[in-house]
Amino acid sequence: MKRHESLVPISRQHHSGLLTARLLQYGAPPYKEMPTTPEAKRSYTLDFLDEHLRPHFKLEEETVFILAPEVSEELAKQTKHLLAQHRELEKLILALPDVKMEALPDKLDEIGKLLEQHIRHEERVFFEQLQQELPDEKLKVLQEMVLQHLG
């Protein structure tokens, strides 16, 4: 899927999110220099939240999620859903330190599946609809917002 240049920086960040999502799910193959045990995956996921997810969520919430609801009722509905998933992912990850060892693989799998589903929806549905419906002048505004945010 070809992305409008205003969405390219956000889409690029999704690659590491998808890799992490897959890493957390059952049956994930070992990835070079990535954790393999549930304990190590828990630690990695907590670091990933602080280093990648929170800044990424902030970027989306302060750019795309501001403009999208102005375009259509459907995009407003999707924005609300995606924002709720941001909070749910944060909540699930922040609860990881309290998860008992025997339940940890299940919880990591749950987080991995939700993260993958979230990113795939953004890429395949939300961004596609947004770049088709957002007028050119708003796409330019979005691009400026993204570039300013990435500073």
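Taking the condition of being surrounded by fewer than 17 Cβ atoms within 10 Å (Cβ to Cβ), under 23 Å from Glu5 (Cα atoms) and among the aliphatic types (A, V, I, L, M), how many residues in segment 97-138 meet it?
Here the count works out to 1.
Filtering segment 28-47 down to residues that are outside any loop (DSSP other than H, G, I, E, B) and among the basic types (Lys, Arg), which residue is farthest from Lys91 (Cα to Cα)? Don't jump to the end; show me each part of the working.
Filtering segment 28-47 for residues outside any loop (DSSP other than H, G, I, E, B) gives 38-47.
Narrowing further to those that are among the basic types (Lys, Arg): 41-42.
Details: Lys41: 17, Arg42: 14 Å.
So, considering only residues that are outside any loop (DSSP other than H, G, I, E, B) and among the basic types (Lys, Arg), the one farthest from Lys91 (Cα to Cα) is Lys41.
Are any residues in segment 81-113 within 12 Å of the chain's Cα centre (by Cα) and either farther than 22 Å from His56 by Cα or without any contact (Cβ under 8 Å) to a residue 60 or more places away in the chain (or both), and if so, which ones?
Scanning segment 81-113 gives Leu82, Leu83, Ala84, Gln85, His86, Arg87, Glu88, Leu89, Glu90.
Please state which of the following conditions Ala21 fails to meet, knowing it meets all the rest: (1) closer than 22 Å to Val141 by Cα; (2) within 11 Å of the chain's Cα centre (by Cα); (3) of a type in the set (A, V, I, L, M).
Failing condition for Ala21: (1).
Output the residues belonging to segment 109-138 that are in contact with a His (Cβ under 8 Å, 6 or more places away or on another chain) and of a type in the set (Asp, Glu).
Glu122, Glu123, listed by residue number.
Kindly indicate the residue of segment 12-41 that is among the hydrophobic types (A, V, I, L, M, F, W, C) and either under 17 Å from Leu114 (Cα atoms) or out of contact with any Leu (no Cβ under 7 Å at 6 or more places or on another chain) (or both) and also surrounded by the fewest Cβ atoms within 10 Å (Cβ to Cβ) among those meeting that condition. Walk me through how you get there before you give the answer.
Here is the first cut: in segment 12-41, the ones among the hydrophobic types (A, V, I, L, M, F, W, C) are 18-19, 21, 23-24, 28, 34, 40.
Then drop every residue that is not either under 17 Å from Leu114 (Cα atoms) or out of contact with any Leu (no Cβ under 7 Å at 6 or more places or on another chain) (or both), which leaves 18-19, 21, 23-24, 28, 40.
Details: Leu18: 15, Leu19: 14, Ala21: 21, Leu23: 21, Leu24: 27, Ala28: 17, Ala40: 11.
Applying the filter and picking the extreme gives Ala40.
Throughout, read-outs are computed from the coordinates displayed, never taken from laboratory work. Here the structure is a predicted model, which means the values were calculated and not measured. Every residue, glycine among them, receives a Cβ derived from its backbone with ideal geometry; neighbour counts consider all protein chains shown.
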